[in-house]
Amino acid sequence: MCGIAGYIGDKQAQSILLSCLKRVEYRGYDSCGIAVSSSGIKVCKDIVRVEALTKVAPQFNGTAGIGHTRWATCGKPSQVNAHPHLDCTGNIAVVHNGIINNFQRLKQQLISEGHNFVSETDTEIIPHLIEKYYDGSLEKAVEAALLDIEGSYAIVVVMAGESKLVVARKDSPLIIGVGDRENFIASNVPAILDYTDRVIYLEDGDIGVVTRDSIRIERENTEVDREEHKILWNVEEAQKGGYEHFMLKEIHEQPKVIRDTLVEYTQTAEPVVDLERLRDEGIESMLILACGTSYHAALVGKYIIEELVRVPVRVEIASEFSYYGQTLARTLAIVITQSGETADTLKAIKRLREVGCRVAAITNVVDSSTSRIADQTIYTKAGPEISVAATKSFTAQLMVLYWLAMGYSKADSRRLASMLLELRQLPSKVQRVLDNGDIILQCARYLSKYENVFFIGRGINYPVALEGALKLKEISYIHAEGYAAGELKHGPFALLGEKTPVIAIVAQDNTYEAMLTNIKEIKARKSPLIALADEGDEAIRELADSVITVPRVDALFSPVVNAVALQLLAYYTAKERGCPIDFPRNLAKSVTVE
Ligand code: F6R
């Protein structure tokens, strides 16, 4: 999703803005631009990568400026639609993340008052509104403009001749990086980590005035204190560390992510979500809401919690949540979101809160919008995830769900003790999957020639089939569908044949025999079949064309090893097809629009 950068200090702003924008490229974008202020405002923007913009932009002198990477929502990707946007005088420049819902009406009104617009964007009304209300104070004009606006925004405004940046946020994240005789603005932390590790998170409704030496934040005309946070991870941790792609690095970080989560949570005395207390309060069921990969983690969570805690769990896609006639009485809601900024998930949380539901959030980003509005937050210990395709955050989410479920398990103590042992061995088992890269690479080479693939699983590995298909389609652009193995014959069988490979997840649990039957049915339709199976499974070799083996684990943990193998399969397939793995077309790391 769009990225924002801002700088004010002693140094030339242009190169700093461009390097900050480079750091937010991972969020996905189709165009980018900068505006530098000195006596006037100089703008350079286009539908290019940041690197190309760096080459073509003239050298602008100025020590204050703003920059933006745009992921088109309102208006197609084009040079004029790229940010920053200007007012009629060309003296006020604005970058904006979010959506202005009433922009058409405001635009018509501004046109009738004599304003000229050049772009199709909603953002362009902001500099025009500021121009309209400007009466000697930039911050007052911004405040007045925002009163007219309905929707979400994170904005940075710069005006020619003014040695300040004005910032504001509502439902879209914005941070201030604190420096020495300089300050930075960004949509997210990696943008500014090259320059400072001191960060202030703005809250909804905040309007700030940032100069070289000062930061003043107000809401409703009263100055407010916002705590400064120290960021504990560094640029290297957010960089590729010798791997060809962020995705591969993040896949390989998973043993560490599992270890870090275990250390964090198995030593916590106080449960974050006290299910016993909630039971006393009459909570009888759980609802888990999420999108995309996080939704798949939620589906796995349903199996884990229902098996161990024995409470009914409902899982819903966050964007569909508003359309159900929900029965939410005595329900604990859990939302899962890596970024903590997914608009659909945030909307669902607000709705849950409105109807009086208690909401616990599982997220990877400290101080994200989700953590601010949920009643409780449990942080996953995945570290920064840069690649658009979620990998290690999925594993970290599962670890938190295991921890939650085991903490309140109704299973006997022998089973729990063996699960704990298994959990401790999980990092080395995942490492064995990663060490098995050669066979996965061979399968990926084979798969890369096809255009349609099915993934099938049963039970707790059905969501893993969905996740395997999502990973493959989003980064290799091969059409992939995840199916519950038993459903394949209820329609999709019509598509089976030599040109449609099937990847079957064959788990050593109560689904095994039924899965073998499904595989035989598939082979009878001549589909090439790759099985993802336990190391000790000899029978599967007779049936499948290729077998990717994974270490034997307790069935409840099989989604972890299987998902990691499928992540690698998707990665190598996309690499074989020459796809831009970390930045798949049309996708963004955090989806901040509905
Ligand atoms: C897929 C992927 C997306 C996200 C989805 C939710 O690899 O990354 O499907 O999982 O957009 O994002 P979060 O978890 O940030 O709410």
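Just the accessible area per residue of the chain, please: how many Å² with a 1.4 Å probe?
39 Å²
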Practice prompt. Starting at the first residue of region 282-299, write each ³J(HN,Hα) from the Karplus equation 6.51 cos²θ - 1.76 cosθ + 1.60 with θ = phi - 60°, in whole Hz, x for Gly and Pro.
Written response: x, 6, 10, 8, 10, 10, 10, 10, 5, 10, x, 4, 5, 5, 5, 4, 4, 5
Discussion item. Given Cβ point charges of +1 (Lys, Arg) and -1 (Asp, Glu) and nothing else, what value in debye, to the nearest 20, does the dipole of the chain about its Cα centre take?
Written reply: 1180 debye
Response to the item:
Averaged over all viewing directions, the convex hull of the alpha carbons in the chain casts a projected area in nm² of 27.6 nm²
Item to complete: Could you work out how far helix 512-524 tilts from the main Cα principal axis of the chain, as a 0 to 90 degree angle to the nearest 10?
Response: 80 degrees
Worksheet entry | Sparse-neighbour loop sites [chymotrypsin sites (Phe, Trp or Tyr not before Pro); region 157-252; at most 15 other C-beta within 10 Å; DSSP] | Trp233, Tyr243
Response to the item:
Per the 1/(1 + (r/R0)^6) rule, R0 = 30 Å and r from the Cβ atoms of Tyr324 and Cys74, FRET efficiency to 0.05 is 0.60
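Counting Lys and Arg as +1 and Asp and Glu as -1, each charge on the Cβ, what is the dipole of region 495-559 about the Cα centre in debye, to the nearest 20?
Around 380 debye, computed over region 495-559.
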Discussion item. Ranking request for peptides 106-116, 13-23: highest mean number of other beta-carbon atoms within 10 Å first, then the rest in descending order.
Written reply: 13-23, 106-116
Worksheet item: By average Cβ neighbour count within 10 Å, what is the ranking of 493-505, 475-487 from highest down?
Response: 475-487, 493-505
Fill in: Solvent-accessible area, 1.4 Å probe, carbon plus sulfur percent, for the chain
48 percent
Item to complete: Any chance you could run the full-extension gain for Ser39 through Ala539? It's 0.36 nm times the residue separation minus the Cα-Cα distance, nm to one decimal.
Response: 172.4 nm
Worksheet entry | Pairwise label distance in nanometres, Lys256 with Asn510, each label 7 Å out on the Cα-Cβ vector | 4.0 nm
Fill in: Mean Cα-pair separation over length for region 1-140, i.e. relative contact order, pairs under 8 Å, 6 or more apart, %
24 percent
Worksheet item: Taking +1 at the Cβ of each Lys and Arg and -1 at the Cβ of each Asp and Glu, which of Ser418, Ile349, Ile378 sits farthest along the dipole of region 288-437 towards its positive end, judged by Cα position relative to the Cα centre?
Response: Ser418
Fill in: Out-of-range pairs (alpha-carbon distance over 25 Å; input Lys170/Lys256; Lys381/Lys589; Lys107/Lys170)
Lys170/Lys256
Response to the item:
Dipole check, the chain, charges on Cβ (K,R +1; D,E -1), about Cα centroid: among Ala390, Thr63, Thr121 the Cα furthest to the positive pole belongs to Ala390
Worksheet item: By how many degrees, between 0 and 90 and to the nearest 10, does the Cα long axis of helix 254-266 differ from the longest principal axis of the chain?
Response: 90 degrees
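Can you put Ile200, Ile99 in order of accessible area, largest first, using a 1.4 Å probe?
Of Ile200, Ile99, the descending order of accessible area is Ile99, Ile200.
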Fill in: Mean separation of Cα contacts under 8 Å (6+ apart) over length of region 436-526, as relative contact order %
32 percent
Response to the item:
Applying the gyration tensor rule to the Cα atoms of region 470-573 (axes a ≥ b ≥ c; rounded if a/c under 1.5, else prolate if a/b exceeds b/c, else oblate), the class is oblate
Worksheet item: How high is the relative contact order of the chain, given as a whole-number percent (alpha carbon pairs under 8 Å, six or more residues apart)?
Response: 12 percent
Practice prompt. Rank these by accessible area, largest first, 1.4 Å probe: Arg198, Arg424, Arg70, Arg458.
Written response: Arg424, Arg198, Arg458, Arg70
Discussion item. Full-extension gain between Glu227 and Asp180, please, as 0.36 nm times their residue separation minus the C-alpha to C-alpha distance.
Written reply: 15.2 nm
Practice prompt. Order Arg216, Arg169, most accessible first, counting only protein heavy atoms with a 1.4 angstrom probe.
Written response: Arg216, Arg169
Worksheet entry | Extreme residue, positive dipole direction of the chain, given options Gly33, Ile478, Ile336 (C-beta unit charges) | Ile478
Discussion item. Sort 370-383, 153-166 by packing, meaning the average of other beta carbons within 10 Å per residue, with the highest value first.
Written reply: 153-166, 370-383
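The values are calculated or read from the model by the stated rules, or taken from the named source; none is laboratory data. On a predicted model such as this, the values are computed, not experimentally measured, just so you know. Here Cβ is always computed from backbone atoms with ideal geometry, including for glycine, and neighbour counts include all displayed protein chains. To get the accessible areas, we keep the full protein, side chains included, count just its heavy atoms, and leave off ligands, DNA and RNA. Shrake-Rupley method; radii C 1.70, N 1.55, O 1.52, S 1.80 Å.
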